[in-house]
Amino acid sequence: MDTVSDITEMQRRCLALREAGKRIAFVPTMGFLHEGHLSLLQEGRKQGDVLVLSIFVNPTQFGEGEDLDTYPRDFERDESLAREAGVDLIFYPTAETVYPANYCSYLSVEGSLTETLEGACRPGHFRGVATVVAKLFNIVQPHVALFGRKDFQQLAMIRQMVRDFNMPVEIKGMPIIRETDGLAMSSRNVYLSDDERRQSLALNQSLTLAAELARGGESNAHKILEVSLKRLTTEPDLVVDYVKICNADTLEDVEIVDQRSVMLLAVKAGTTRLIDNNYLIAKV
Ligand code: AMP
């Protein structure tokens, strides 16, 4: 396994691999790897002849006052987990290499896929994500790239960006990996105090309650949302950013739930912002 930080060198290596007929599978991350990331790598190992992991805490997707400076980092640990997962190449650039002096090009994103939910709470977030993912695709030239459904809206936006810009890459969405008690794995979970960690179980529990209602025949989105919101607000230290039921393809709110309905939520536990989601009826 090699680690490359230089963009030209990374691009040269990936192009050479493509020319040699190798199928490149790519997993972009911000590092501090957990089992969610590892599940993407495991599938990536099956999807390609060469498995590429990028580790880059992308400054342009963080807003002012967000956790860019404190985002957990441990490259040595990531490197050994990546080796165990069968990664061939790690791309580990610095922010100055990705966004050098005079950098001026950003992807502009608009519409319900990027302006609702996370887009409404974190203005500029998806512009930063789209920009860095497009850059990473240009550098790594993957045949297939894997993303987690944990970041449901991000995955939807990337699929759309690939369609919009006719990017020659297949996007594969992967299931959410959870702790045994149901909390969705996230690099940010390390921020949680014991008490916040306990209260954060309400996220998955409110999604489960909603799915039980929907699968039991309740189709009124408002009624389902009420029950989920109530579960979240019983916890004293959780502040709800949003809980919504949306169409999985457009991310517009729905009134009546159906097979394409997904519940998405974002909650602050103290200073830690957590997101989660689940299809209400469809089992994935
Ligand atoms: P991040 O490092 O948080 O930017 O995540 C990198 C990739 O891992 C993204 O495609 C995420 O959706 C995915 N991911 C993060 N957490 C999980 C999880 N619990 N289960 C599955 N995929 C995840």
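Readers should treat all values here as calculations from the given coordinates under stated rules, not as data from a laboratory. Quantities reported herein were computed from a predicted structural model and do not represent experimental measurements. Positions of Cβ are backbone-derived with ideal geometry, glycine not excepted, and every protein chain shown enters the neighbour counts.
Just checking, how many residues over the stretch 203-241 are in contact with a Gly (Cβ under 8 Å, 6 or more places away or on another chain) and within 18 Å of A282 (Cβ to Cβ)?
Number satisfying all stated conditions: 2.
Residues to consider are L192, L207; find the one that is touching a residue at least 12 places away in the same chain (Cβ under 8 Å), over 22 Å from T29 (Cβ atoms), within 16 Å of the ligand (Cβ to nearest atom) and not aromatic (F, W, Y).
Residue meeting the stated conditions: L207.
If I ask for residues that are in contact (Cβ under 8 Å) with a residue 24 or more places away in the chain and exposed (fewer than 15 other Cβ atoms within 10 Å of the Cβ), which ones from the stretch 254-267 would you list?
Those that are in contact (Cβ under 8 Å) with a residue 24 or more places away in the chain and exposed (fewer than 15 other Cβ atoms within 10 Å of the Cβ): E255, I256, D258.
Go through L89, L38 for me and flag whichever is touching a residue at least 24 places away in the same chain (Cβ under 8 Å) and surrounded by fewer than 20 Cβ atoms within 10 Å (Cβ to Cβ).
L38
Condition test on V27, is it near the ligand (Cβ under 10 Å from one of its atoms), crowded, with 22+ Cβ neighbours inside 10 Å and aliphatic (A, V, I, L, M)?
So V27 fits the description; yes.
Yes/no matrix, rows are residues, columns are (1) among the basic types (K, R); (2) in contact with a Lys or Arg (Cβ under 8 Å, 6 or more places away or on another chain):
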| site | (1), (2) |
| --- | --- |
| V98 | no, yes |
| N102 | no, no |
| V109 | no, yes |
| T131 | no, no |
| L146 | no, yes |
| R149 | yes, no |
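Can you find, within the stretch 126-153, the residue that is nearest to the chain's Cα centre (by Cα) among those that are within 13 Å of the ligand (Cβ to nearest atom) and charged (D, E, K, R)?
Filtering first and then ranking leaves D151.
Can you pull out the residues in the stretch 1-24 that are of a type in the set (A, V, I, L, M, F, W, C) and either within 11 Å of the ligand (Cβ to nearest atom) or more than 19 Å from V57 (Cα to Cα) (or both)?
Scanning the stretch 1-24 gives M1, C14, L15, A16, L17, A20, I24.
Being in a loop (DSSP other than H, G, I, E, B) and touching a strand residue (DSSP E or B) at 6+ places or on another chain (Cβ under 6 Å) is the filter here; which residues of the stretch 268-284 pass it?
If the condition is that a residue be in a loop (DSSP other than H, G, I, E, B) and touching a strand residue (DSSP E or B) at 6+ places or on another chain (Cβ under 6 Å), then L280 is the only one that fits.
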